[in-house]
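Taking it in order: structure first as structure tokens, then the write-up.
The values are calculated or read from the model by the stated rules, or taken from the named source; none is laboratory data. Bear in mind that the values here come from a model prediction, so they are computed numbers and not experimental data. Counting neighbours? That spans all protein chains shown, and the Cβs are built from the backbone with ideal geometry, glycine included. These accessible areas exclude ligands, DNA and RNA; they are computed on the full protein's heavy atoms, side chains included. Shrake-Rupley method; radii C 1.70, N 1.55, O 1.52, S 1.80 Å.
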Amino acid sequence: RFAIINFWRNADKERRPISRAPLAVLNAQYKIGTNAKHRQQNIDSEYPRNVSADTCFPSSKPDPISSRWYIYPEMTFSECLMFKQYDRNTNMPSDVWHCALSDFVQPSNDDVYTTEQQQQQRSRPSPPRRSFDIRALVVFNEKVPKELDRFRSDRIRPSLTYDESGCFCDEQGEKRKQNAQNQ
């Protein structure tokens with residue numbers, strides 16, 4: 001079995017917190033039994049997959065209503081975010097979507113920014129984000145049963161096209177902005 005672990009870190013030379021385009025991670029949720037085409041492929045397969053295999057990427061698209069974004073604004077130089085990007089075993093959490101939110105604006109708190117000088121400092125453009133990420137391939141000393149193997153030869157291919165996956169974060173960001181404006 002193998003997994004891919006992602007490490008993301010602020011790399012600002014002046015050790016400033018991230019103030020522009022912070023990292024966001026999606027806790028993707030899927031509706032059970034919504035993908036009829038892949039369910040039929042699952043039934044017809046020599047190795048039918050368990051329920052979790054039909055309710056994750058690439059078998060299904062994330063449900064935008066029940067999925068939740070976690071945003072890491074003001075991440076400091078000494079902090080590092082670690083998350084599992086992929087796991088070969090379909091019974092293990094996998095499928096973590098992440099991106100920079102270029103249009104994210106940290107909400108101001110009038111109680112914190114009380115003086116005019118502080119308000120002016122807050123309105124200045126933020127320095128560009130400098131960050132890096134590293135992915136590590138972790139190999140476990142265990143064999144994945146064929147029916148749980150996300151990487152087997154007859155696996156289901158992604159249902160999202162390249163264009164769909166490329167704009168997924170932008171669409172979610174637009175929905176988040178609209179929701180915030182409506183509140």
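Would you mind stating whether Leu137 is open to solvent by 60 Å² or more (accessible area, probe 1.4 Å) and at pLDDT 85 or above? Considered against the rule, which asks whether it is open to solvent by 60 Å² or more (accessible area, probe 1.4 Å) and at pLDDT 85 or above, Leu137 comes out as yes. Asp110 meets the conditions (1) modelled with pLDDT of 80 or more; (2) farther than 14 Å from Leu23 by Cα; (3) of a type outside the set (Gly, Ala, Ser); (4) assigned to a loop (DSSP other than H, G, I, E, B) in every case but one. The failed one is (1). The listed residues are Ile71, Ile18, Ile65, and the only one of them that is part of a loop (DSSP other than H, G, I, E, B), closer than 19 Å to Asp133 by Cβ, among the hydrophobic types (A, V, I, L, M, F, W, C) and modelled with pLDDT of 85 or more turns out to be Ile18.
Being open to solvent by 40 Å² or more (accessible area, probe 1.4 Å) and within 20 Å of the chain's Cα centre (by Cα) is the filter here, so list the residues in region 3-27 that pass it. Of everything in region 3-27, those that are open to solvent by 40 Å² or more (accessible area, probe 1.4 Å) and within 20 Å of the chain's Cα centre (by Cα) turn out to be Ile4, Phe7, Arg9, Ser19, Arg20, Asn27.
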